[in-house]
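Throughout, read-outs are computed from the coordinates displayed, never taken from laboratory work. Computed from a predicted model, the values in this text were never measured in an experiment. Positions of Cβ are generated from backbone atoms using ideal geometry, with glycine treated the same way; all protein chains shown enter the neighbour counts.
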Amino acid sequence: MTDIELLDEIIESLLFVSGDGIGVSEIVNLLELQNSEVNRSIARLKKKYGGKCGIHLISYNGKVQFASNPAYADVIASVLNPVKEKELSNAALETIAIIAYKQPTTRLEIEQIRGVNCDYAIQVLLKHNLIEVVGRKDVVGKPLLFGTTDTFLKRFQIENINQLPDYEQLLESIKVLESGGAQQASTGLYNEFELPPEETEEGETPAENGEEDLVLPEEEETPDFLANETDLQRVE
């Protein structure tokens with residue numbers, strides 16, 4: 001076995017045992033190697049775990065991780081879930097797209113773009129860890145600021161925010177979704193989550209959806225899980 005083969009197998013084993021993403025810099029430090037050596041090994045492993053292979057090696061935010069092939073998301077969901085999970089709603093897709101491009105951004109700024117109340121869509125995205133509170137804006141009321149998470153990068157299979165498609169193309173895609181093309185735009189990400197009830201024009205959800213606990217109060221308040229935080233970042 002050559003040194004190259006040995007390195008590939010060591011990194012392969014590390015990723016398998018870890019389960020979660022491991023930073024490339026962390027691998028470099030642990031194995032006392034050069035960045036170039038580790039990056040070449042990762043490139044070889046991506047080639048090995050690619051195409052029709054059931055396992056893919058993905059990169060995001062300077063980390064690498066094994067993940068299932070998104071092409072088989074429907075089959076995996078039907079086997080692992082009692083009820084097949086459905087797509088995110090159009091409202092949630094539009095909301096996370098705006099956050100991805102405008103982050104950090106406030107709920108009011110999102111609503112100014114969408115033209116409707118976004119409380120429910122934001123709660124759904126928070127629930128699935130696709131977005132997170134990153135601080136408060138230094139203006140009157142100190143509204144919460146939202147940004148995307150590593151989970152967002154993993155689910156959309158992009159390494160960093162710079163790899164997002166052109167903003168104008170995104171707006172066109174949203175128009176297609178609004179005209180009823182969402183069913184044709186399904187991906188592994190969308191199949192992973194339950195479909196929230198459609199919002200009314202006022203942004204309210206039907207009472208029978210069983211998700212009353214997801215409704216935010218009218219005033220901007222700190223979520224319970226941040227109640228004890230005193231050092232939230234303020235952004236001008």
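Here is how the numbers come out for the structure above:
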quantity	calculated
Theoretical gain in end-to-end length, SER18 to CYS53 [0.36 nm per residue, Cα-Cα removed]	10.6 nm
Per-pair calculated FRET efficiency, R0 = 45 Å: TYR101 and ALA71 via Cβ, rounded to 0.05	0.95
GLU5/ASN61 FRET efficiency (R0 45 Å; Cβ-Cβ; nearest 0.05)	0.95
Rg/Rh (Cα only; Kirkwood hydrodynamic radius) as it applies to segment 1-130	1.10
Two-site label geometry, LYS142 and LEU31: point separation in nm, points 7 Å out along Cα→Cβ	4.6 nm
